[in-house]
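The values are calculated or read from the model by the stated rules, or taken from the named source; none is laboratory data. Every value quoted in this text rests on a predicted model; they were computed, and no experiment measured them. Using ideal geometry, Cβ is built from the backbone for each residue, glycine included, and neighbour counts are taken over all protein chains shown.
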Amino acid sequence: MGRVLVWLIAAISFLAFSLQPAMSEPKHAIAMQGDPALPADYTHFDYANPDAPKGGNITYCVVGSFDNLNPFILKSLRTTARGMMDLNYGNLVFEPLMTRNYDEAFSLYGLLADSADMDPERKSIEFHLNPNAKWSDGEPVTPEDVLFTYDVFTDKGRPPYRDRMSLIAKLEKTGDHSVRFTFNDKANRETPLIIALTPIIPKHAFDKETFDKTTLKPVIGSGPYIVDKVQPGQRIVFKRNPNYWGKDIPSKRGFDNYDKITIEYFLNANAKTEAFKKGICAIYDEGDPVKRERDIDFPAYHRGEVIAETFDTGIPPVVTGFLFNTRLEKFSNPVVRRALGMLYDFEWANKNLFGGKYTRTMSYWQNSELSALGHPADDREKALLAPYPGRVPADVMDGTWRPPVNDGTGQDRKVLKVAFDLLKSQGYAVKDGVLQDPKGSPFGFEILTASQEEERFAAIYQRTLEKIGITVTIRSLEADQIQSRKQRFDFEVLIGSSGFSNSLSPGIEQSFRWGSSEATREGSFNLAGVADPAVDAAIDAMLRARTKEDYVAAVRVLDRLLISGNYMVPMQYNAQQWLAYWNYLDHPKKTPIFGYQWPTWWRKAN
């Protein structure tokens, strides 16, 4: 009987073990598609200089204000101080388990976790924390911190952090330095990477009950800097943590080279530009080639004290344009939006305002294999779109679609007629010089702008729209007012000045921008209010794709649907990144495919 009992226990244990997801060997890096490019013994990212000198200070400048240091809560979401977690300036205070190599489409390398075990089906992933990882107060980073992070984010965090627990069937501590995530059926193949990129917060330094309250008290993180000084709405100063635990790990060599980082806030872009000329700001970035040539025409530039430089990238250009709030009845008809989309006179603007240096934006993944432009839909794409007949016009399906081209005179009436005929087909008519909707009410809308540059773009669009009787008003607001209106979806048309930055590996962020579940959620990034089952299906197919061919097909379908939906009127882009900076700065010779990376720059030794 005893032998039978032992056998039964052994069998049950074996069965339980066999039901666990099959784990691979611990890996130093994970990738969305294929294998990571760098080997386990890599010493640093290729676009970082591991011998960069440390020391000195830098001042970055931004437009806006801030009233909060907690980037993980909905309240004051868009007025949280820059730098706490920041795509431009670096994650100065908070860090994720793994970090991106910006010279790959989507690969992650060890940070708080020095390795990860991911089962081949991506149903689970186990992270092994670096035993040397510490918070800025010297306390170790533990599995309990990871568990606390997901607990407090779920109850008190903002989207998308609060939603990630809904993808997790089990979250458990598996050792003194390890934690495992097991995913449910809601998860997809990108989920383990999203989990790896989620910032971790210290359990001992945050109170769950008050977590969702704004704070200006310096918070504790694991990053290379600590908050030194705070002047609400004006300035935040970070100083290097001399005991930063990660300064010598491969993914951080050559990064975080300043002793002090100051982020200075200005009321508008003009004030920021003047501050750069005075030497207050170290770097000046400007997308308008005409404006930047004018703005750097000052003595310090001519003396060589300021350097202007362009950087090539390998990613799709940022998509900027006039974004319609489709929650409103006036913008609910895609045919009406299509007609309005025809009325941005790019050719006139490019000739008269931009010196012919811009290219028209036509695709959300332009200049890449993910774009619908020039690529006829293949059988995979047609199968994805089959349940949604008529969603995509024939010219978008075969890849030949292009926006109408004006003659550049500003007086070309051919495009106006085509746009008006479309509106007429939907019951619109002109009476006494005013376009009226099918109910007989004057048709017009308000464009919100946050800078003089945006006002100029709006005025270009306004001028053309008025030619067919559409009344457009332009309302200029401060940046924080714009952010508040965005959060409440309280607008008719916005200019997407920050744009949609698309990568060569689009993923879950597309759900946040275009997914139906985000269309009515306060604070979401689906500003257009897109709620289309076809778009949801394309995003789902993209996230579940196992082969590159399936992945490319799904992204192209999403591109075709966004083009066909006319949710925004894309404007223009310049293929190169441009910066002006004071000559006391230097940067690595190599530019990664994502473009320049400010956290790898340094201040020259005196």
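List of remarks:
- Residue ID - nearest to residue 598 (Cα to Cα), chosen from residues in segment 82-112 that are over 17 Å from the mean Cα position of the chain (by Cα) and part of a loop (DSSP other than H, G, I, E, B): 92
- Looking only at segment 134-178, residues that are more than 21 Å from residue 93 (Cβ to Cβ) and aliphatic (A, V, I, L, M) come to 5 in all.
- Number of positions in segment 68-89 that are in contact with a Pro (Cβ under 7 Å, 6 or more places away or on another chain) and modelled with pLDDT under 95: 2
- Pair list, Cβ under 6 Å, 6 or more apart: segment 79-94 residue at positive phi and in contact (Cβ under 8 Å) with a residue 24 or more places away in the chain, other residue small (Gly, Ala, Ser) and outside any loop (DSSP other than H, G, I, E, B): none
- In segment 333-356, the residue that is surrounded by the fewest Cβ atoms within 10 Å (Cβ to Cβ) out of those that are among the aliphatic types (A, V, I, L, M) and over 19 Å from residue 566 (Cα atoms) is 353.
- Filtering segment 230-249 to residues that are closer than 25 Å to residue 604 by Cβ and either small (Gly, Ala, Ser) or in contact (Cβ under 8 Å) with a residue 12 or more places away in the chain (or both) leaves 235, 236, 237, 238, 239, 240, 241, 244, 246, 247.
- Segment 476-489 residues that are within 21 Å of residue 456 (Cα to Cα) and touching a residue at least 12 places away in the same chain (Cβ under 8 Å), paired with ones that are of a type in the set (Ser, Thr, Tyr) and in a helix (DSSP H, G or I) (beta carbon under 8 Å, 6 or more apart): 480/79; 483/79
- Flag if residue 137 is closer than 28 Å to residue 521 by Cβ and surrounded by fewer than 20 Cβ atoms within 10 Å (Cβ to Cβ): no
- Evaluated against (1) in a helix (DSSP H, G or I); (2) surrounded by 13 or more Cβ atoms within 10 Å (Cβ to Cβ), residue 414 falls short on exactly one condition, (2).
- Any pair with Cβ under 7 angstrom, 6 or more apart, that starts in segment 170-185 at a residue that is on the phi < 0 side of the Ramachandran plot and ends at one that is small (Gly, Ala, Ser): 180/124; 181/124; 182/124; 182/169; 183/124; 183/169; 184/169
- Helices (runs of 4 or more DSSP H) lying entirely in segment 508-606 (those with 2 or more residues that are closer than 28 Å to residue 378 by Cα, over 17 Å from the mean Cα position of the chain (by Cα) and among the aliphatic types (A, V, I, L, M)): 533-544, 548-565
- Test: residue 369 is in a helix (DSSP H, G or I), out of contact with any Cys (no Cβ under 9 Å at 6 or more places or on another chain) and not hydrophobic (A, V, I, L, M, F, W, C): no
- In segment 278-292, residue modelled with the lowest pLDDT [restricted to those that are outside any loop (DSSP other than H, G, I, E, B) and within 22 Å of residue 587 (Cβ to Cβ)]: 289
- Matching option when the condition is of a type in the set (S, T, N, Q) and part of a strand (DSSP E or B), among 215, 182: 182
- Restricting attention to segment 253-295, the residues that are polar (S, T, N, Q) and surrounded by 17 or more Cβ atoms within 10 Å (Cβ to Cβ) add up to 3.
- Candidates in segment 466-488 are the residues that are of a type in the set (A, V, I, L, M, F, W, C) and under 19 Å from the mean Cα position of the chain (by Cα); of these, the one that is farthest from residue 525 (Cα to Cα) is 479.
- Counted residues, segment 417-464 - those being among the aliphatic types (A, V, I, L, M) and in a loop (DSSP other than H, G, I, E, B): 1
- Residues located in segment 152-168, provided they are surrounded by 17 or more Cβ atoms within 10 Å (Cβ to Cβ) and in a helix (DSSP H, G or I): 152, 153, 156, 161, 162, 163, 164, 167
- Filter result for residue 363 (over 24 Å from residue 455 (Cβ atoms), crowded, with 16+ Cβ neighbours inside 10 Å and at pLDDT below 95): no
- Answer residue from segment 423-462, given it is of a type outside the set (A, V, I, L, M) and in contact with a helix residue (DSSP H, G or I) (Cβ under 6 Å, 6 or more places away or on another chain) and is surrounded by the most Cβ atoms within 10 Å (Cβ to Cβ) among those: 449
- Any hit, segment 234-245, residues being hydroxyl-bearing (Ser, Thr, Tyr), crowded, with 20+ Cβ neighbours inside 10 Å and closer than 24 Å to residue 102 by Cβ: no
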